[in-house]
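Below is one structure, written out as structure tokens; the observations come after it.
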């Protein structure tokens, strides 16, 4: 079962609507309502974006990242989800030079299981990963962001700086991730 962790993104409904349309079974919970002792009930996590920075939300998402890593459970971090993934494992983020909002093209840098060609995606973020932990590889970049798609080496743990739930190419990435 897939757990969607709803961190308050305005785009989470697009994600859950896509999952429903594809008949991908999931549960949705907020970090505040999630019982961390129930993580073993899930074989896949998606961490959504967020609207505001909250310490408790960050702590809970970091615990999910660590659980996923320790138990080799699939994880996809979207926007903030990618940032907290990098931060939890030793990376850094920074405020973007300008708000990134709108359509963008992603260039794929290396073979990977979730995307193969360039992607047309939707960006909506004011922060970005500035230093990637050594345990990650960059799978895709854009003209504005060096770490658009990241993967924990040899594990099914990914992050996207963009919002894949907002475009056809991004939906394909989510579907491939869920079918791993």
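The values are calculated or read from the model by the stated rules, or taken from the named source; none is laboratory data. Small disclaimer: the values here were computed from a predicted structure and weren't measured. Positions of Cβ are backbone-derived with ideal geometry, glycine not excepted, and every protein chain shown enters the neighbour counts.
Before moving on, here are some points about what is shown:
- Applying the criterion of at least 3 residues that are at pLDDT below 95, in contact with a helix residue (DSSP H, G or I) (Cβ under 9 Å, 6 or more places away or on another chain) and more than 19 Å from residue 157 (Cβ to Cβ) to the strands (runs of 3 or more DSSP E) found wholly in segment 88-141 leaves 119-131.
- Residue satisfying all of: in segment 163-180; buried (at least 18 other Cβ atoms within 10 Å of the Cβ) and in a loop (DSSP other than H, G, I, E, B); nearest to the chain's Cα centre (by Cα) among these: 163
- One residue stands out in segment 65-80 among those that are touching a helix residue (DSSP H, G or I) at 6+ places or on another chain (Cβ under 7 Å) and under 21 Å from residue 131 (Cα atoms): the one that is surrounded by the most Cβ atoms within 10 Å (Cβ to Cβ), namely 78.
- Being closer than 19 Å to residue 159 by Cβ and assigned to a strand (DSSP E or B) holds for only one residue in 60, 46, and it is 46.
- For segment 87-105, the criterion of a residue being closer than 18 Å to residue 15 by Cβ, surrounded by 13 or more Cβ atoms within 10 Å (Cβ to Cβ) and in contact with a strand residue (DSSP E or B) (Cβ under 7 Å, 6 or more places away or on another chain) is satisfied by no position.
- Once segment 13-33 is narrowed to residues that are touching a strand residue (DSSP E or B) at 6+ places or on another chain (Cβ under 7 Å) and not in a strand (DSSP E or B), the residue that is surrounded by the fewest Cβ atoms within 10 Å (Cβ to Cβ) is 25.
- Whichever residue in segment 41-59 is surrounded by fewer than 22 Cβ atoms within 10 Å (Cβ to Cβ) and touching a helix residue (DSSP H, G or I) at 6+ places or on another chain (Cβ under 8 Å) and, among such residues, is nearest to residue 140 (Cα to Cα): 44
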